[in-house]
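Colleague: I have a structure I would like to understand better, so I am pasting it below and will then ask my questions one at a time.
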Protein chains: 2
Amino acid sequence: MATKTDIARRVFNHTWKLDPIVRSLLDTDFYKLLMLQMIWGIYPKVDATFTLINRTTRVRLGEEIDEGELREQLDHARTIRFSKKEMIWLGGNTFYGKKQIFEPDFLEWLTNFQLPEYELTKRDGQYELNFHGPWMYTTMWEIPALTIINELRSRAAMKKMGRFELDVLYARAKAKMWTKVERLRSLPDIRISDFGTRRRHSFLWQRWCVEALKEGIGEAFTGTSNVLLAMDNDLEALGTNAHELPMVLAALSRTDEELLKSPYKVLQDWNRYYGGNLLIVLPDAFGTAAFLRDAPDWVSDWTGFRPDSAPPIEGGEKILAWWRSKGKDPRSKLLVFSDGLDVETIEETYHHFKGKVRMSFGWGTNLTNDFEDCAPRFNDQLNAISLVCKVSEANGRPAVKLSDNPKKATGDKAVIKRYLELFGAQDRIEQPVKV
Amino acid sequence: MATKTDIARRVFNHTWKLDPIVRSLLDTDFYKLLMLQMIWGIYPKVDATFTLINRTTRVRLGEEIDEGELREQLDHARTIRFSKKEMIWLGGNTFYGKKQIFEPDFLEWLTNFQLPEYELTKRDGQYELNFHGPWMYTTMWEIPALTIINELRSRAAMKKMGRFELDVLYARAKAKMWTKVERLRSLPDIRISDFGTRRRHSFLWQRWCVEALKEGIGEAFTGTSNVLLAMDNDLEALGTNAHELPMVLAALSRTDEELLKSPYKVLQDWNRYYGGNLLIVLPDAFGTAAFLRDAPDWVSDWTGFRPDSAPPIEGGEKILAWWRSKGKDPRSKLLVFSDGLDVETIEETYHHFKGKVRMSFGWGTNLTNDFEDCAPRFNDQLNAISLVCKVSEANGRPAVKLSDNPKKATGDKAVIKRYLELFGAQDRIEQPVKV
């Protein structure tokens, strides 16, 4: 028989300096690239600070993760550039049915892109991690910062585990995931995509989950938000836009009127770059009720909405009612659900809206980081936490988010109060934020 | 990063002629070696035929397994000899607390041991597989014949499965196995051993299950019947004796009286070779009730019984009552349960007899071949079947087994009838034979 050990690989492994978590700038969410082109095109002079926020305060990241390892990973990420193969793929691939979604000038600029500096300190057992500088650079830190911290936390959790325990851990996680796949494939015509990059247990595990969905639900799996996994697995790269757009534009507003109009200004900017299927509204930055109340009629012409913090059925119904009030048939519209989904919520939402509206589910944390009860010995460190990286300042002015769920609001308290007075607090419902 | 593929191994793999199932003569049950020394010492001139019996007749092995592959595996097994390392270990290891359990003369003879010829034909979709010749050669075919056929069947079942399906299959099987481990370790002072060689899904899977028990239940895992796995993992090699002993001795009997005494003659022979913990009675070859009824008093001095075909609680209680009738305290005695056990039966039996008698559980098929509901697509071929390899003739005379369960009786019908008239049919209870 062949020797069982590949000596060269073994030697290589035990002389490793670093096992990098981020190995490609494409290992990010597709919406970051879409937004980046728009920021590069319209707001190249705007500065924006991104800040790490650990909403699961009981977890003390400063104690779980070694600062030296964190710096090494962040430093390594800063050395990466887009490779030739990646640039060719970005320029040549069709996204959302559209060729050349990225302009040649933008791609040329991207060729030399590198992640900017970071500012890291530790306080009260938590990391304070900030990215200052031009928005068109700092925005790209969001996903790698989150994947690095989440994967370092998984690695720390698993350092104490033996080879056998690890084997059982992954066996159980795979079995658990496959049970979800089997439940989902019993729902006819469902559309599910992977939105789990930022919260993933690890890159390799996200890849396994994506393969599981591809194999298990077939056509119902519409793609992944992870650009690298989309490229490597011939899947659709999916995503639209994020709260940072209305947050920055609101922060830059000079008058109350400008502030109130900022959510619609975002849509107009977006429309200059992306048509067709990419016209998806993210309505909850300053409350969905306020957004719908003040929305110009043309917003109802957009393809759909991504309600991201209201309870899915209640929040979805309000959007359906609004479409109807604008004379639109919701059956021609799309709702993209993406907030804290798991199989139960997906099933419930699917059955509720089936036949009433087109739906798509962007499945995140519970897809790529559900290890609850999988470890042979209880291991709380393997449970996902609610970690985000949000814009906190734009051109030196505070940027805030209200959200439909007050628990998901971010930013300076006084500014939140001012925004609430302006936009109103209608329909905001406090719900626990698990993931 | 290192290259992901070990080219040399890949090339080696795809030029394989054969992936042998049996790679060592130690890959057998320990009791075969114990019995072999006794057969070699006392019955070297006796001929015995072993015959494959597939009790799961709905499964047509002749169609599931390729005859050419089966012959290649059987032929390969015939080329194997005990290696020097193996011989040194057999001579130097302590078994059941005893040094040099194997005589030097026997070990010298064993050095040149090879499996004898086989006779294979196909009829009505089933294989007819017989081993004719001296008992001290043919007896050693039992386990390799069974492991080869069972693993060829698993391989055939998995040929249609993709890489991903296989991944999910084993993930689920591991998760399932670990759930059993967790249930078992909640039973204080339980003693469990692996008796699953003959029915295993594959060698590698049995090895994983043994590692799982070692890691998961620790001291409660008393060892394995598989000699190779015992050697490689520093575990106790466990086992006592099998039905072939009373079956052959009964077949050789010239008078009714000799026949009725044959089960006790076996014990006297055994006692000449193995003392101490190895004095375990296998009482059911011709019915446990008959065995106890006619047993000489000295049988109650033996360490324990291995009831192998009666319902465990009912059958065990009868043995306890018999011990008490002989003035023995069952709490100083041992019952070894080994018939079709799974977690449920183990728990039930354990709770019933706790404090009344010492117990040990020899866990077989449901330990090493429980893949039910593990395949992503339904695959009946992965479910274990009831396959045995039994002695069918001794010196040209038919050998039969009555068993406590008529479904487990084997051999010529007319002879079974004669034996039943002689031994009686008391307490024989028909139960389905699943594994």
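The values are calculated or read from the model by the stated rules, or taken from the named source; none is laboratory data. Not measured: the values here are computed from a predicted model. As a convention, Cβ positions derive from the backbone with ideal geometry for all residues, glycine included, and neighbour counts pool all protein chains shown. Surface areas here come from the heavy atoms of the whole protein model, side chains and all, with no ligands, DNA or RNA. Shrake-Rupley method; radii C 1.70, N 1.55, O 1.52, S 1.80 Å.
Colleague: Are there any helices (runs of 4 or more DSSP H) wholly within segment B:1-100 with 1 or more residues that are under 26 Å from residue B:159 (Cα atoms), and if so which?
Modeller: Hits in segment B:1-100: B:7-14, B:61-64, B:67-79.
Colleague: Being in contact with a strand residue (DSSP E or B) (Cβ under 7 Å, 6 or more places away or on another chain), more than 30 Å from residue A:216 (Cβ to Cβ) and buried (at least 20 other Cβ atoms within 10 Å of the Cβ) is the requirement here; does residue B:361 meet it?
Modeller: Answer is yes for this residue.
Colleague: Just to be sure before I move on: is residue A:219 of a type outside the set (S, T, N, Q), part of a helix (DSSP H, G or I) and surrounded by fewer than 20 Cβ atoms within 10 Å (Cβ to Cβ) in the structure I sent?
Modeller: Judged against the criteria, residue A:219 is a match.
Colleague: Can you pull out every residue in segment B:331-356 that is within 19 Å of residue B:302 (Cα to Cα) and open to solvent by 10 Å² or more (accessible area, probe 1.4 Å)?
Modeller: Of everything in segment B:331-356, those that are within 19 Å of residue B:302 (Cα to Cα) and open to solvent by 10 Å² or more (accessible area, probe 1.4 Å) turn out to be B:331, B:332, B:333, B:334, B:336, B:338, B:356.
Colleague: Oh, and also: Any residue in segment A:416-431 that is surrounded by fewer than 19 Cβ atoms within 10 Å (Cβ to Cβ), of a type in the set (A, V, I, L, M, F, W, C) and not in a helix (DSSP H, G or I)?
Modeller: yes
Colleague: Another question about this same structure. Report whether or not residue A:196 is among the small types (Gly, Ala, Ser) and surrounded by fewer than 23 Cβ atoms within 10 Å (Cβ to Cβ).
Modeller: No, not satisfied.
Quick grid of which residues meet (1) closer than 25 Å to residue A:194 by Cβ; (2) surrounded by fewer than 19 Cβ atoms within 10 Å (Cβ to Cβ):
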{"position": "A:27", "(1), (2)": "yes, no"}
{"position": "A:31", "(1), (2)": "yes, no"}
{"position": "A:40", "(1), (2)": "no, no"}
{"position": "A:43", "(1), (2)": "no, no"}
{"position": "A:51", "(1), (2)": "no, no"}
{"position": "A:66", "(1), (2)": "no, yes"}
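Colleague: Could you pull out the residue among B:230, B:175 that is in contact (Cβ under 8 Å) with a residue 40 or more places away in the chain and open to solvent by less than 20 Å² (accessible area, probe 1.4 Å)?
Modeller: B:230
Colleague: Mind checking which pairs have a first residue in segment A:85-113 that is under 17 Å from residue A:223 (Cβ atoms) and open to solvent by less than 30 Å² (accessible area, probe 1.4 Å) and a second that is of a type outside the set (Gly, Ala, Ser) and assigned to a strand (DSSP E or B), Cβ under 6 Å, 6 or more apart or different chains?
Modeller: A:101/A:95
Colleague: A further question on this structure: Restricting to segment A:368-390, and then to whatever is open to solvent by less than 10 Å² (accessible area, probe 1.4 Å) and in contact with a strand residue (DSSP E or B) (Cβ under 6 Å, 6 or more places away or on another chain), can you tell me which residue is farthest from residue A:60 (Cα to Cα)?
Modeller: Here the answer is A:389.
Colleague: Just for segment A:346-391: of the residues that are free of Cβ contacts under 8 Å to residues at least 40 places away in the same chain and within 14 Å of chain B (Cβ to nearest Cβ), which one is farthest from residue A:202 (Cα to Cα)?
Modeller: A:378
Colleague: Continuing with the same structure: Of all residues in segment B:323-344, count the ones that are assigned to a helix (DSSP H, G or I) and touching an Asp or Glu at 6+ places or on another chain (Cβ under 9 Å).
Modeller: 1
Colleague: Just to be sure, is residue A:325 open to solvent by 10 Å² or more (accessible area, probe 1.4 Å), polar (S, T, N, Q), more than 23 Å from the chain's Cα centre (by Cα) and farther than 20 Å from residue A:348 by Cβ?
Modeller: Yes; evaluated as a whole, the condition is true for this residue.
Colleague: State all residues of segment A:351-366 that are in contact with a helix residue (DSSP H, G or I) (Cβ under 9 Å, 6 or more places away or on another chain) and in a helix (DSSP H, G or I); if no residue qualifies, say none.
Modeller: If the condition is that a residue be in contact with a helix residue (DSSP H, G or I) (Cβ under 9 Å, 6 or more places away or on another chain) and in a helix (DSSP H, G or I), then A:352, A:353, A:366 are the ones that fit.
Colleague: Continuing with the same structure: Restricting the first residue to segment A:1-22 and requiring it to be at the interface with chain B (Cβ under 8 Å from one of its Cβ atoms), which pairs with a second residue that is at pLDDT below 75 and open to solvent by less than 90 Å² (accessible area, probe 1.4 Å) meet a Cβ separation below 6 Å and a spacing of at least six or different chains?
Modeller: Close Cβ pairs satisfying both conditions: A:2/B:9; A:2/B:12; A:6/B:6; A:9/B:2; A:12/B:2.
Colleague: Specify the residue that is nearest to residue A:244 (Cα to Cα); the eligible residues are those in segment A:383-404 that are within 17 Å of the chain's Cα centre (by Cα) and not in a strand (DSSP E or B).
Modeller: Only one residue fits best here, namely A:403.
Residues are listed down the side, and each one gets a yes or a no for (1) away from chain A (no Cβ under 14 Å); (2) out of contact with any Lys or Arg (no Cβ under 8 Å at 6 or more places or on another chain); (3) not β-branched (Val, Ile, Thr):
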position: B:208; (1), (2), (3): no, no, yes
position: B:213; (1), (2), (3): no, yes, yes
position: B:223; (1), (2), (3): yes, yes, yes
position: B:231; (1), (2), (3): yes, yes, yes
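Colleague: Working only within segment B:269-319, note down all residues that are among the aliphatic types (A, V, I, L, M), within 27 Å of residue B:434 (Cα to Cα) and open to solvent by less than 10 Å² (accessible area, probe 1.4 Å).
Modeller: B:280, B:281, B:285, B:290, B:319
Colleague: Counting just the residues of segment B:128-171 that are farther than 22 Å from residue B:396 by Cα and touching a Ser or Thr at 6+ places or on another chain (Cβ under 9 Å), which one comes out most open to solvent (accessible area, probe 1.4 Å)?
Modeller: B:155
Colleague: Kindly check whether there is at least one residue in segment B:367-377 that is in a helix (DSSP H, G or I), over 24 Å from residue B:303 (Cα atoms) and of a type in the set (Val, Ile, Thr).
Modeller: Yes, the conditions are met somewhere in segment B:367-377.
Colleague: Can I ask one more? Go through (1) within 28 Å of residue B:382 (Cβ to Cβ); (2) touching a residue at least 40 places away in the same chain (Cβ under 8 Å) and name the single condition residue B:251 misses.
Modeller: (1)
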